[in-house]
Amino acid sequence: MPMYSDKVMDHFMRPRNVGEIKDADGIGEIGNPTCGDMMTFMITVKDDRLADVKFKTFGCGAAIAVSSMVSEMATGKTLDEAMKITNEMVAKELGGLPKNKMHCSNLGADALHAAIEDYRKRKGTGEPAPKPHAHESELHGQTCPYCDSDIEDSYPFCASCKTKLSDCPECGKIVSSSLSECPHCGCILDGEEKKD
């Protein structure tokens, strides 16, 4: 059983900046198919600085603590400064993470970086950032949320990881049919393969 620092436990028990940003300037979603952790970061940018950073995380205590710490570390920084936040920096700020939980710090930094990259891409094209819970019934370019393989030709199954998939009726995100609750919005699912 991993031993967590007091700082990790504090950020797990009292996470900072949890939630969504309506009309976010950038959104980054990262998941790990091995452990099942999913992180979504949303950012608001003003004068090339992160004015607001919010997150929603589905995962273990370390994943939640990492998301909370990344959001605190990034808020107020310039985009370039925030892009320099590394997994080592996050783990150090949290007072260390057990070796088997270090991947969580990668996910947090990667999700933040993805949100910044999304903002920069959208800013260059003038397109608005996608809504965090927009309906995604169009499968062109969609990937499995568990292994990142293309699912356009195999939906409602992922040919790579053999996961049966469905759309959440509430938020429209693609989820495993075996889940009883959507990891994105918390909607109760009535999947045919629910685990007891």
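The values are calculated or read from the model by the stated rules, or taken from the named source; none is laboratory data. From a predicted model like this one, the values you see are computed outputs, not experimental measurements. Neighbour counts are summed over all protein chains in view; Cβ atoms, including those assigned to glycine, are modelled from backbone coordinates with ideal geometry.
Which members of the range 54-91 meet the condition of being in contact with a Gly (Cβ under 9 Å, 6 or more places away or on another chain) and in a strand (DSSP E or B)?
Answer for the range 54-91, where residues must be in contact with a Gly (Cβ under 9 Å, 6 or more places away or on another chain) and in a strand (DSSP E or B): LYS54, PHE55, LYS56, THR57, PHE58.
Please go through the range 15-71 and pick out each residue that is charged (D, E, K, R) and over 25 Å from LEU97 (Cβ atoms). I'd like the intermediate steps shown before the answer.
So in the range 15-71, the residues charged (D, E, K, R) come out as 16, 20, 22-23, 25, 29, 37, 46-49, 52, 54, 56.
Passing the criteria: GLU20, LYS22, ASP23, ASP25, LYS46, ASP47, ASP48, ARG49, ASP52.
Being of a type in the set (A, V, I, L, M) and surrounded by fewer than 20 Cβ atoms within 10 Å (Cβ to Cβ) is the requirement here; does MET42 meet it?
On the way: of a type in the set (A, V, I, L, M): yes; surrounded by fewer than 20 Cβ atoms within 10 Å (Cβ to Cβ): no.
Considered against the rule, which asks whether it is of a type in the set (A, V, I, L, M) and surrounded by fewer than 20 Cβ atoms within 10 Å (Cβ to Cβ), MET42 comes out as no.
Could you list, in sequence order, all residues of the range 82-106 that are buried (at least 17 other Cβ atoms within 10 Å of the Cβ) and at pLDDT below 80? Break it down into steps so the answer makes sense when it comes.
Start the filter on the range 82-106 by keeping residues that are buried (at least 17 other Cβ atoms within 10 Å of the Cβ), which leaves 82, 85, 87, 90-91, 93-94, 97, 101, 103-106.
Listed by number, the residues that qualify are LEU97, LYS101, HIS103, CYS104, SER105, ASN106.
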